[in-house]
Amino acid sequence: MSETEQWQFAPPPHPLVIGVPAFSDNYLWILHAADGDAAVAIDPGDAAPVQEALERNGLRLTAILLTHHHMDHAGGVEALVERWHCPVYGPRDEDIAGITHPVGDGDILDLDEPRIGFRVIGVPGHTSGHIAYYATSHGGDARGLLFCGDTLFAGGCGRIFEGTPAQMLDSLEKLAALPASTLVFCAHEYTVSNLRFAAAAEPDSEAVTRRVAEALRMRALDLPTVPSNIAIERSTNPFLRHDAAGIVATLEARQPGLAGAAPVERLAALREWKNGFR
Ligand code: ZN
Ligand code: FE
């Protein structure tokens, strides 16, 4: 398998975004300027690997963006701020130490360095105040960028810890409505286990079958399966496909009545099934 292989279910990485592996399966993201050394960290759950990545790439941290309060996303804030004295943007509706700029749904974040504008999208469900950051493009790359924390995953979605299934459905629909080529920078490498569930939920889907095989191959090569993009998620992520015939049929067989139920009932049933799925 050559490094230049084109993956069908993993778009080419963004040249200005660095994924920093942390803990057992987190990705902490660094987005940097097309020219110059300014960089933003998104969800730096651990300061040390972010600091290492900044040094290795000759970058200077100018801002931190947080999606929600869990420590694997916010745990590195204090140490990084001590070192860089940078502003910290984060969800207005969550209590996170260190936030200097609380933001919420619909807010526009215009950063000077790196030069990029983000729209904040409220995506409650995993936590009650969870937000995502969306930019239409960055540098010479025309693809949009979505940093969505633990809401939309490659092949799955976050557990509903604080919100409701109705909130999660609404949040996922907002993200699914973004342009097809938008890169999805989620915060965990959960793709293989997510796709095993997707295959159980939609067993006749050839796309899901192929995506599972590809994700296994990528992981065997120690390659990240993230970022994904919105088109790939729409075509294979069961949580964006609760109305797809194959998934409706599977759910109906497990629990008669779900085929005629409201979408939120099917999303809740999928999420609950996944919680116990091994
Ligand atoms: Zn979380
Ligand atoms: Fe997380």
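Just one of the numbered conditions (1) surrounded by fewer than 20 Cβ atoms within 10 Å (Cβ to Cβ); (2) within 16 Å of ligand 2 (Cβ to nearest atom) is not true of residue 108; which one?
(2)
Can you tell me how many residues in region 63-73 are buried (at least 24 other Cβ atoms within 10 Å of the Cβ) and within 14 Å of ligand 1 (Cβ to nearest atom)?
4
If the Cβ limit is 6 Å and pairs must be 6+ apart or interchain, which residue in region 20-45 that is at negative phi pairs with which residue that is among the hydroxyl-bearing types (Ser, Thr, Tyr)?
Here the result reads 38/62, each pair linking region 20-45 to a residue that is among the hydroxyl-bearing types (Ser, Thr, Tyr).
Can you name the residue in region 40-62 that is under 21 Å from residue 186 (Cβ atoms) and not in a helix (DSSP H, G or I) and is also farthest from ligand 1 (Cβ to nearest atom) among such residues?
So, considering only residues that are under 21 Å from residue 186 (Cβ atoms) and not in a helix (DSSP H, G or I), the one farthest from ligand 1 (Cβ to nearest atom) is 40.
In region 15-48, which residue that is surrounded by fewer than 19 Cβ atoms within 10 Å (Cβ to Cβ), within 22 Å of the chain's Cα centre (by Cα) and more than 15 Å from ligand 2 (Cβ to nearest atom) is farthest from residue 143 (Cα to Cα)?
Once the filter is applied, the top-ranked residue is 48.
Looking at region 43-65, which of its residues are in contact with a helix residue (DSSP H, G or I) (Cβ under 9 Å, 6 or more places away or on another chain) and either closer than 16 Å to residue 23 by Cβ or among the basic types (Lys, Arg) (or both)?
Scanning region 43-65 gives 43, 44, 45, 46, 47, 48, 50, 51, 60.
Given (1) within 16 Å of ligand 2 (Cβ to nearest atom); (2) over 30 Å from residue 234 (Cα atoms); (3) in contact with an Asp or Glu (Cβ under 9 Å, 6 or more places away or on another chain), identify the lone condition not met by residue 102.
If we test residue 102 against (1) within 16 Å of ligand 2 (Cβ to nearest atom); (2) over 30 Å from residue 234 (Cα atoms); (3) in contact with an Asp or Glu (Cβ under 9 Å, 6 or more places away or on another chain), just (1) comes out false.
Looking at (1) buried (at least 23 other Cβ atoms within 10 Å of the Cβ); (2) charged (D, E, K, R); (3) modelled with pLDDT under 95, which is the only condition residue 278 fails?
Unmet condition: (1).
The values are calculated or read from the model by the stated rules, or taken from the named source; none is laboratory data. Computed from a prediction, not measured in an experiment: that's the story for all the values here. Methodologically, a virtual Cβ is constructed for each residue, glycine included, from the backbone with ideal geometry; neighbour enumeration extends over all protein chains shown.
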